[in-house]
Amino acid sequence: MESWAVGRINLYELIKKNNFQGFSLSLIRHFTQCVLRCLQVLYQERIIHCDLKPENILLYHKGQGSVKVIDFGSSCYEHQRVYTYVQSRFYRSPEVILGHPYAMAVDMWSLGCIMAELYTGYPLFPGENEVDQLACIMEVLGLPPADFIQAASRKRTFFENIWKDTADKVKSELAERLTPTVPSTGTTENDVENTRKHTIPEKHLETQTEKNDQAEYSGETALPKNSLFFPPIK
């Protein structure tokens, strides 16, 4: 793999240079750990990035594959939110879409979307507009809990119109791409409940807390030198 200029390529550009084919789990794991270190620092300071996406994650350190998060223009302290509507559409969390007060958990939602995109090569929830965005999320995770919907300030915007726009959408291309890698053993009530829970903000952040408890981030993660872990960059 040819070296890239330091700080000159972001994750979206890397995905594009790889012809939207996605990357190995080892590389995705490494990038994710780097971003989690940043989110851990933000968590300690109670800061929300508010616009985490592939374009805002830069590669640096030639040949080592480390990344850094940029563009804190929309960022705010959790107790001093500046904007009511944040995040780029593909990476926007359900609570922001529906008009709930948002917190640091929205960054974890964005990171989850980025991880899936690094694997498949395409956005996880590629909504054409905000109504379609929520429809894409519900295709994968199911309907949000009733109390979550009822407490949403923008519920009428979506739940009076969303079915009109998505009535014929049965199975997305995303589901087809993920089917070979996520074996199906049949859907149970517990499966449905678990997927719906992941639309709740506290569950996004719970994932980060669990990962922080289980992993050590005291030093840089060394990346295997095997060139198969990297896409050829021309």
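Derivation of every value follows stated rules applied to the coordinates shown; laboratory data play no part. Quantities reported herein were computed from a predicted structural model and do not represent experimental measurements.
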Expressed in whole Å with the largest first, what are the equivalent ellipsoid semi-axes of segment 17-84 derived from the C-alpha gyration tensor as the square root of 5 times each eigenvalue? 26, 13, 10
Considering amide H positions built from the backbone, and no H for Pro or chain starts, which residues 5 or more places from S66, or on another chain, come under 5 Å of its amide H? Y60
Could you give each residue of segment 100-111 its phi-based ³J(HN,Hα) in whole Hz, using Karplus coefficients 6.51, -1.76, 1.60 with θ = phi - 60°, and x for Gly or Pro? 7, x, 9, 9, 4, 4, 5, 5, 5, 4, 4, 4
Under the rule of at least 5 residues apart or a separate chain, name every residue whose amide H is placed under 5 Å from the amide H of R92. none
What are the ³J(HN,Hα) couplings of segment 131-146, residue after residue, when phi is run through the Karplus curve with 6.51, -1.76, 1.60 and θ = phi - 60°? Round to Hz, x for glycine and proline. 5, 5, 4, 5, 5, 4, 5, 5, 4, 8, 9, x, 6, x, x, 4
Would you grab the residues whose amide H sits under 5 Å from the one on G22? Only those 5+ places off in sequence or on another chain, please, with H modelled 1.01 Å from N. G121
